[in-house]
Amino acid sequence: MQSLPDGGYIVIGADGQGNPAKGSPEFTVDDFDEQKVRSAVKKFLDEPFTVRSAVHEIDGKNLAVIYIGPNEQGFAIFAKDGQFTNSAGKNDHAFRAGDVYCRHGTSSERWRQSDLPSIFSRLQSRIREEERKQLGDAFQAFEQGIRGAEIQSSPIGALSWQLSVEDFDSAIIAAMRASDQISLKALLISIASQARSLLSATEPDYDTLDVLLDRLTSVTAAAITYDYRSLFASSKETLEKIYWSVADEYGYPAGDLANIAPKLWFSIGIRVEALGALAIRMRSWWAIPQLIATPTRRSGYFTWIRHSLTAAANANLLKGSGGGFIPGAFISFARQVSAQVPALHPDIPNSAINEFEVGVAPQPRDELLDSIVQFDLTWCIFAYAHTKKTSDFYPSFSGFFAHRAAPVVNAILSKDTRKEILPDVSEDDLRASMKRVFEYANNESWQSHRGDWELDWPQLDSFLEGSSGSS
């Protein structure tokens with residue numbers, strides 16, 4: 001089915017008319033868990049591939065539906081023999097390593113010479129479309145750069161959060177390039193003022209507030225991307241002021257803001273996660289501790305990320321549409337924001353960003369998601385290393401496979417990088433923190449029926465056992 005333009009579906013437990021088949025084997029939802037199906041497919045096909053599965057009950061009988069997405073190259077090659085025991089009790093093969101199967105009507109058969117024109121035609125069309133898009137993006141970027149410079153050189157106030165996202169991002173870069181501190185400061189003041197106005201309204205306009213936070217996040221993201229540290233400090237300070245503007249001195253919602261505060265804290269918290277992910281990908285290690293260690297007044301938490309996460313959970317903002325618990329929900333919502341705000345992924349074109357839905361198994365390769373998982377792990381290690389309190393972190397990253405976090409662990413094990421990511425943390429404190437965080441993550445993973453969360457890595461094992469194992 002990977003050879004079909006739109007992929008295809010397999011329905012299990014149904015007859016030719018789509019009704020529950022009589023005498024078909026019984027199975028449960030767990031039998032067709034998406035991760036189990038993916039693991040089964042992975043034994044025979046190399047990644048990447050798209051697999052989705054679901055079980056539906058019809059007339060009291062379970063039916064399973066499996067979706068196989070199209071392959072980018074137009075076909076897939078089996079990596080391993082498909083062996084089975086036939087009716088005579090002898091070993092047999094459904095297919096062999098190196099085989100390629102195509103769909104012919106209702107049958108899957110080894111490919112033929114006649115299959116090649118349609119496969120190569122789709123591949124050539126995709127290549128041409130990518131080339132056209134790259135050329136169009138280059139012209140658009142050039143035109144947008146000119147537009148940004150015009151806005152930056154206009155009178156004070158022209159650089160406004162109300163600009164379109166394209167004009168706004170271009171103008172910010174132009175202002176940084178011109179070292180236009182006055183325009184940038186005026187922008188941050190206006191954003192803080194507008195946020196105060198929105199939050200003081202009887203019924204806040206949350207859509208406008210989200211746009212405002214996106215623009216402020218874009219400024220901070222541009223500062224991370226282009227290593228503009230003074231702007232980073234100013235924009236982050238503005239974000240902090242907005243965050244705490246709805247809190248009392250103990251970190252609880254002030255006055256009658258019990259409904260507004262958790263939503264604001266959640267909105268800012270997931271943007272901080274996204275900013276941390278950008279810093280991870282840009283290798284702007286200097287920004288990471290500054291994003292994490294923001295004073296939380298007397299809230300009892302070391303970092304505002306933990307404060308935001310707790311507030312969101314207490315307000316039921318981390319549940320799915322059906323009201324159920326979603327493992328790694330905080331990260332999933334941050335992943336959505338990362339895709340929606342262009343400044344949060346300057347290194348990843350829109351065309352390379354996978355489809356993503358909160359509560360649905362993600363694609364095996366997802367740069368945005370992986371970097372958020374890595375930042376989430378980092379702030380957990382950072383927090384526990386400084387306070388030795390389990391209550392100061394929560395491993396949202398445990399809702400995703402451990403391999404997604406591996407790159408940042410490698411960075412932390414490098415002494416030079418570690419000094420920037422975890423300043424003032426001794427090797428012994430780091431070792432103790434990693435052990436505790438990994439233990440907590442493993443427990444949470446089992447609680448959500450995902451099995452072990454662990455990194456099978458000799459270098460890491462050596463470090464945790466007491467040897468440096470680092471460069």
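The values are calculated or read from the model by the stated rules, or taken from the named source; none is laboratory data. Here the structure is a predicted model, which means the values were calculated and not measured. Methodologically, a virtual Cβ is constructed for each residue, glycine included, from the backbone with ideal geometry; neighbour enumeration extends over all protein chains shown.
Can you pull out every residue in the stretch 1-27 that is modelled with pLDDT under 75, touching a strand residue (DSSP E or B) at 6+ places or on another chain (Cβ under 8 Å) and surrounded by fewer than 11 Cβ atoms within 10 Å (Cβ to Cβ)?
Across the stretch 1-27, the qualifying residue is only GLY18.
In the stretch 218-230, which residue that is polar (S, T, N, Q) and surrounded by fewer than 23 Cβ atoms within 10 Å (Cβ to Cβ) is farthest from the chain's Cα centre (by Cα)?
SER230
Hey, which of the strands (runs of 3 or more DSSP E) in the stretch 1-107, taking only ones fully inside, have at least 1 residues that are in contact with a Cys (Cβ under 6 Å, 6 or more places away or on another chain), closer than 30 Å to ARG450 by Cβ and of a type in the set (D, E, K, R)?
none
Could we say that TYR250 is assigned to a helix (DSSP H, G or I), at negative phi and of a type in the set (Phe, Trp, Tyr) here?
no
Restricting the search to the stretch 94-117, which residues are touching a Gly at 6+ places or on another chain (Cβ under 8 Å) and modelled with pLDDT under 80?
ARG103 - this is the single residue of the stretch 94-117 that is touching a Gly at 6+ places or on another chain (Cβ under 8 Å) and modelled with pLDDT under 80.
Of the conditions (1) within 26 Å of GLY451 (Cα to Cα); (2) surrounded by fewer than 22 Cβ atoms within 10 Å (Cβ to Cβ); (3) of a type outside the set (Val, Ile, Thr), PRO423 satisfies every one except a single condition; which number is it?
So PRO423 meets the others, but not (1).
Provide a single number: the residues in the stretch 177-217 that are under 29 Å from the mean Cα position of the chain (by Cα) and among the small types (Gly, Ala, Ser).
Of the residues in the stretch 177-217, 2 are under 29 Å from the mean Cα position of the chain (by Cα) and among the small types (Gly, Ala, Ser).
Given (1) assigned to a loop (DSSP other than H, G, I, E, B); (2) over 19 Å from GLU47 (Cβ atoms), identify the lone condition not met by GLN336.
Condition (1) is where GLN336 drops out.
For the stretch 49-99, enumerate the residues that are among the β-branched types (Val, Ile, Thr) and without any contact (Cβ under 8 Å) to a residue 60 or more places away in the chain. Before the answer, list the steps.
Our first condition is that a residue be among the β-branched types (Val, Ile, Thr); within the stretch 49-99, this holds for 50-51, 55, 58, 65-66, 68, 77, 85.
VAL51, VAL55, ILE58, VAL65, ILE66, ILE77, THR85, listed by residue number.
Any idea which residue in the stretch 366-390 is nearest to PRO289 (Cα to Cα), counting only those that are of a type outside the set (A, V, I, L, M, F, W, C) and out of contact with any Ser or Thr (no Cβ under 9 Å at 6 or more places or on another chain)?
Of everything passing the filter in the stretch 366-390, THR378 is nearest to PRO289 (Cα to Cα).
Could you list all residues from the stretch 276-295 that are part of a helix (DSSP H, G or I) and under 18 Å from ALA343 (Cβ atoms)?
Within the stretch 276-295, GLY276, ALA277, LEU278, ALA279, ILE280, ARG281, MET282, ALA287, ILE288, GLN290, LEU291 qualify.
Determine the pairs where a residue that is farther than 22 Å from SER164 by Cα, located within the stretch 219-233, has a partner that is assigned to a helix (DSSP H, G or I) and not polar (S, T, N, Q) with Cβ atoms under 6 Å apart, the partner being 6 or more residues away or on another chain.
TYR228/MET176
Return yes or no: is LEU377 surrounded by 23 or more Cβ atoms within 10 Å (Cβ to Cβ) and under 21 Å from GLN340 (Cβ atoms)?
Numbers: surrounded by 23 or more Cβ atoms within 10 Å (Cβ to Cβ): yes; under 21 Å from GLN340 (Cβ atoms): no.
No: the conditions fail for LEU377.
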